[in-house]
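Notes to accompany the following structure.
The values are calculated or read from the model by the stated rules, or taken from the named source; none is laboratory data. On a predicted model such as this, the values are computed, not experimentally measured, just so you know. Reconstructed Cβ throughout: ideal geometry from the backbone, glycine too, with neighbour counts over all protein chains shown. These area figures cover heavy atoms from the full protein model, side chains too; ligands, DNA and RNA do not enter into them. Shrake-Rupley method; radii C 1.70, N 1.55, O 1.52, S 1.80 Å.
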Amino acid sequence: MTLAGRGERSWPGVSASAWYVRPVLAGAPFIGFIPVRDIFEARGFYERVLGLSVVEDTPFALVLDAGGTMLRVTPVPDLTVQSFTIAGWQVDDIAATVRGLEAKGVRFTRYDGMGQDEAGIWTAPSGDKVAWFTDPDGNTLSLTEFAA
């Protein structure tokens, strides 16, 4: 479906005028979710290795403060690890951040053909720099330093 004459996708039950009148979630805080098998091992990683502050620890989720964004690390019985990045952090100095995480035992992922440097950092054509690593469950996480 497209909005009349605009070539944009529409949603059943949502009129074109309602679509453009007010942004429903534009001002609402975002909450991130990361699925894990072992919540206790995940807590050690996200709290002690990555340095995120625990806000709440319940049977349903480990709630962390990720730079002002709520991150819910949630135990799931059957985790299917995805082959793509599921969460990431914007950092000011990616090389220093990589070194700091490596000192805590984090191993950075190297991808064939990506042309990453010796630290595992890839520089995009735009000048942005990205490095990838995994949590104990194999979820791919990333660091990004945007070009000035």
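For segment 10-148, what ratio Rg/Rh do Cα atoms give with a Kirkwood hydrodynamic radius? Result: Rg/Rh = 1.04. Across the chain, Cα pairs under 8 Å and at least six residues apart give a relative contact order of 20 percent.
Just from its helices, what would the mean residue ellipticity at 222 nm be for the chain, if runs of 4 or more DSSP H residues each count -39500 (n - 2.57) and the sum is divided by every residue, rounded to the nearest 500 deg cm²/dmol? It would help to have the intermediate numbers written out before the result.
Values: 3 runs with 21 residues, N = 148.
Mean residue ellipticity at 222 nm (helix-derived): -3500 deg cm²/dmol.
For the peptides 101-112, 68-79, residues were scored by their other Cβ atoms within 10 Å and the scores averaged per peptide; the highest-first order is 68-79, 101-112.
Taking Cα atoms only, the orientation of helix 94-103 departs from the longest principal axis of the chain by about 50 degrees. In the context of the full set of protein chains, segment 61-118 has a per residue accessible area of 64 Å² (1.4 Å probe).
Take the alpha carbon atoms of segment 83-148, find their radius of gyration, then divide it by 2.2 N^0.38 Å using N residues; give the quotient. Walk me through the numbers on the way to the answer.
Details: Rg = 11.1 Å, N = 66, 2.2 N^0.38 = 10.8 Å.
Compactness ratio reported: 1.03.
Think of each Lys and Arg Cβ as +1 and each Asp and Glu Cβ as -1; about the Cα centre, that makes the dipole of the chain roughly 460 debye. Out of LEU52, PRO77, ALA119, whose Cα points farthest toward the positive end of the dipole of the chain (charges: +1 Lys, Arg; -1 Asp, Glu; placed on Cβ)? Projecting each Cα onto the dipole axis, the largest value belongs to PRO77.
Once neighbouring chains are kept in place and the probe is 1.4 Å, which whole percent of the accessible area of segment 64-146 is contributed by carbon and sulfur? Please list the in-between numbers first.
Numbers: 2300 of 4680 Å².
With neighbouring chains kept in place, the figure for segment 64-146 is 49 percent.
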